[in-house]
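The values are calculated or read from the model by the stated rules, or taken from the named source; none is laboratory data. From a predicted model like this one, the values you see are computed outputs, not experimental measurements. Cβ coordinates were reconstructed from backbone atoms using ideal geometry, including for glycine residues, and neighbour counts include every protein chain displayed. The area values use the complete protein model at the heavy-atom level, side chains included, leaving out ligands, DNA and RNA. Shrake-Rupley method; radii C 1.70, N 1.55, O 1.52, S 1.80 Å.
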Amino acid sequence: SYVVGKFPHYPHPASISSKMMVELGTLTTLMVAAAVVVSGFLTSAVFAVTSFVYFGVVYIMLPLAKPILKLVLGICYSQAPPNQPMARPTSINSRLLHSHSHSHSHHSHPQNSPSFQLHSSKKHHPSLHITNTFTTMSQTLELTGGARDTYLSVFKSLNLPYNPFPIICWNRHLETIFASFYRSLPGVKLRRECLRTADDGSVSLDWVVGDDSALPAESPVLILLPGLTGGSGDTYVQHMLVRARSNKWRVVVFNSRGCGNSPVTTCQFYSASFTEDLREVVNHVKSRFPSSNLYAIGWSLGANILVRYLGEESDNCSLRGAVSLCNPFNLVIADEDFHKGFNNIYDKALARSLAKIFKRHALLFEGIGGEYNIQLAANAKSVRDFDEGITRVSFGFKSVDDYYYNSSSSKSIKDVRIPLLCVQAANDPIAPARGIPHDDIKDNPNCVLVVTPKGGHLGWVAGDEAPLGAPWTDTLVMEFLEHLESGRTKDLESSSASGHTMISSTGF
């Protein structure tokens, strides 16, 4: 017991027993061991957390942030092309307003439907505008062309509003970059066929594995032409391939010389003007499947080559129908815009891809002489540099400007004699809307043009599969192609009933 007001009496150290010392030592040892274990655990936990943060930042956050950072810097220092906005498709809306005012002055009030309004008059007003009336910011689709009335009922997907994916589609560059980097890749198994051309060049045709046995011999065949330096591994190509294949179409991807790891066997690559390789591919596919209808889809530069081929073949074209997506049409205008603001990023990236392909086959150009500028092409900082060093010389043009002017597919539209669907985005940074040959498309009874208010270049991050799935355009394209092929089926049925084997060439 203790007395209040007095200090407690502790035993003198000398009187502490050895037993107590052992107990104190054991307790101290246990405490030290526990501290070591706890500190080791904390150290491991800190190491794990820091490692997680490091790898998350380096391998996840930085790759995601780089395109966005480039985008922000590009927006800060870029200039919008003349008569074309950076983010809002005012040119399309202003065209709509102009159309609307004329329709009120010359025609009766347009008919309304629950999901869109039609402003149309074939006699006085050759363009049809489909306007979403239920969104805060009206998204306007332009549908025009000489074959407009034929396809108005075919495009069921145009009955629905065009809804760009939020945030991603706020800016044309963001949508373009997002689609290029983050769109899913279906991962289709392909079988390669190397085709030797008449000039000893080589191109590669990639077919879906198993189609030879799984599909009937008369199944329609769809030839896909990727964009500049593109190939069968591109996401937009594979999504289209999967959709067509699910509809029992036979699909083949045409990889141009040097693209998609296709070999280069001569000192000539491919160009916006060169259609001979496509002509040989079409003839080759036709010989393999003589009872099938042939169709083709081209993207970007592939679309330019395809439309030029259609114009050159004109009435003798072996294709039954074609689709052009993100076609630059006027290469002079496209080249002008390619050197403005953020577009320089695309220019440099494509130039690097071209230079990489060239260096892989540089020995073919060793000691070639002439007007070739090998050093300029090998170290190209822009697509124009590469075209100056290699392309325009290979194909006999006096200058790069001469090459661009005479290779533009806008001049070929008037000569197209098969059904052609052209799909463009009003805010495309690489294929400017001001280069679209509106008048020639309207005057050609075989052509129809759809212009979306947004979409960027090869983006179209909209619709049910956005943001990581197939582009919005895939549904529209298949509606068009299925309509043409169903016309062929009806022709066969009617010919069979009448005892004739004639097949209509229009499909309408």
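Answer yes or no: is there a residue in region 348-358 that is of a type in the set (Gly, Ala, Ser), assigned to a loop (DSSP other than H, G, I, E, B) and open to solvent by less than 40 Å² (accessible area, probe 1.4 Å). No; the residues of region 348-358 include none that is of a type in the set (Gly, Ala, Ser), assigned to a loop (DSSP other than H, G, I, E, B) and open to solvent by less than 40 Å² (accessible area, probe 1.4 Å). Of the listed requirements (1) within 17 Å of Pro226 (Cβ to Cβ); (2) free of Cβ contacts under 8 Å to residues at least 40 places away in the same chain, Asn373 misses just one: (1).
Of Asn316, Asn283, Asn304, Asn330, which residue is buried (at least 24 other Cβ atoms within 10 Å of the Cβ), polar (S, T, N, Q) and under 30 Å from Pro419 (Cα atoms)? Quick ask: steps written out before the conclusion?
On the way: Asn316 fails: buried (at least 24 other Cβ atoms within 10 Å of the Cβ); Asn283 fails: buried (at least 24 other Cβ atoms within 10 Å of the Cβ); Asn330 fails: buried (at least 24 other Cβ atoms within 10 Å of the Cβ).
Matching residue, one of Asn316, Asn283, Asn304, Asn330: Asn304.
Restricting attention to region 337-357, the residues being in contact (Cβ under 8 Å) with a residue 40 or more places away in the chain and more than 19 Å from the chain's Cα centre (by Cα) number 4. Restricting Leu224, Leu190, Leu205, Leu195 to those that are surrounded by 23 or more Cβ atoms within 10 Å (Cβ to Cβ), assigned by the TED database to the domain that holds Gly459, at negative phi and touching a strand residue (DSSP E or B) at 6+ places or on another chain (Cβ under 8 Å) reduces the list to Leu224. Total residues in region 239-253 satisfying the condition of being open to solvent by 10 Å² or more (accessible area, probe 1.4 Å) and either outside any loop (DSSP other than H, G, I, E, B) or at pLDDT below 95 (or both): the figure is 5. In summary, Asp402 fulfils each of the numbered conditions (1) without any contact (Cβ under 8 Å) to a residue 60 or more places away in the chain; (2) outside any helix (DSSP H, G or I) with the single exception of condition (2).
I'd like to know if region 452-472 contains one or more residues that are open to solvent by 30 Å² or more (accessible area, probe 1.4 Å), free of Cβ contacts under 8 Å to residues at least 12 places away in the same chain and part of a loop (DSSP other than H, G, I, E, B). Scanning region 452-472, I find at least one residue that is open to solvent by 30 Å² or more (accessible area, probe 1.4 Å), free of Cβ contacts under 8 Å to residues at least 12 places away in the same chain and part of a loop (DSSP other than H, G, I, E, B), so the answer is yes. Residues that are surrounded by fewer than 23 Cβ atoms within 10 Å (Cβ to Cβ) and part of a helix (DSSP H, G or I) are absent from region 416-427. Comparison of Ser318, Ser291, Ser314 shows that the only residue that is hydroxyl-bearing (Ser, Thr, Tyr), assigned to a helix (DSSP H, G or I) and over 17 Å from the mean Cα position of the chain (by Cα) is Ser314.
Kindly indicate whether Ser300 is touching a Phe, Trp or Tyr at 6+ places or on another chain (Cβ under 7 Å) and either under 25 Å from Ala431 (Cβ atoms) or at pLDDT below 95 (or both). Talk me through it step by step, then tell me what you get.
Details: touching a Phe, Trp or Tyr at 6+ places or on another chain (Cβ under 7 Å): no; either under 25 Å from Ala431 (Cβ atoms) or at pLDDT below 95 (or both): yes.
It is false that Ser300 is touching a Phe, Trp or Tyr at 6+ places or on another chain (Cβ under 7 Å) and either under 25 Å from Ala431 (Cβ atoms) or at pLDDT below 95 (or both).
Give the residues of region 165-187 that are open to solvent by 60 Å² or more (accessible area, probe 1.4 Å) and of a type in the set (Lys, Arg), sorted by residue number.
Here is the first cut: in region 165-187, the residues open to solvent by 60 Å² or more (accessible area, probe 1.4 Å) are 165-167, 170, 180-182, 185.
Once the filter is applied, which keeps residues that are open to solvent by 60 Å² or more (accessible area, probe 1.4 Å) and of a type in the set (Lys, Arg), region 165-187 yields nothing.
Apart from one condition, Asn132 fits all of (1) at pLDDT below 50; (2) in the same structural domain as Val451 (by the TED database); the exception is (2). Taking (1) open to solvent by less than 10 Å² (accessible area, probe 1.4 Å); (2) more than 26 Å from the chain's Cα centre (by Cα); (3) within 30 Å of Val221 (Cα to Cα) in turn, Val323 satisfies each apart from (2).
Where the second residue is of a type outside the set (Ser, Thr, Tyr) and the first is at positive phi and lies in region 382-398, which pairs have Cβ atoms under 9 Å and are six or more apart or on separate chains? From residues that are at positive phi, there are no pairs.
All of (1) on the phi > 0 side of the Ramachandran plot; (2) surrounded by fewer than 18 Cβ atoms within 10 Å (Cβ to Cβ); (3) under 16 Å from the mean Cα position of the chain (by Cα) hold for Thr229 with one exception: (2).
Residues of region 233-257 that are more than 28 Å from Thr391 (Cα to Cα) and in contact with a Lys or Arg (Cβ under 8 Å, 6 or more places away or on another chain): His239, Val251.
Looking for whichever is open to solvent by 90 Å² or more (accessible area, probe 1.4 Å) and modelled with pLDDT under 70 here; the options are Val22, Val4. Which one fits? Give the derivation first.
Working: Val22 fails: modelled with pLDDT under 70.
It is Val4.
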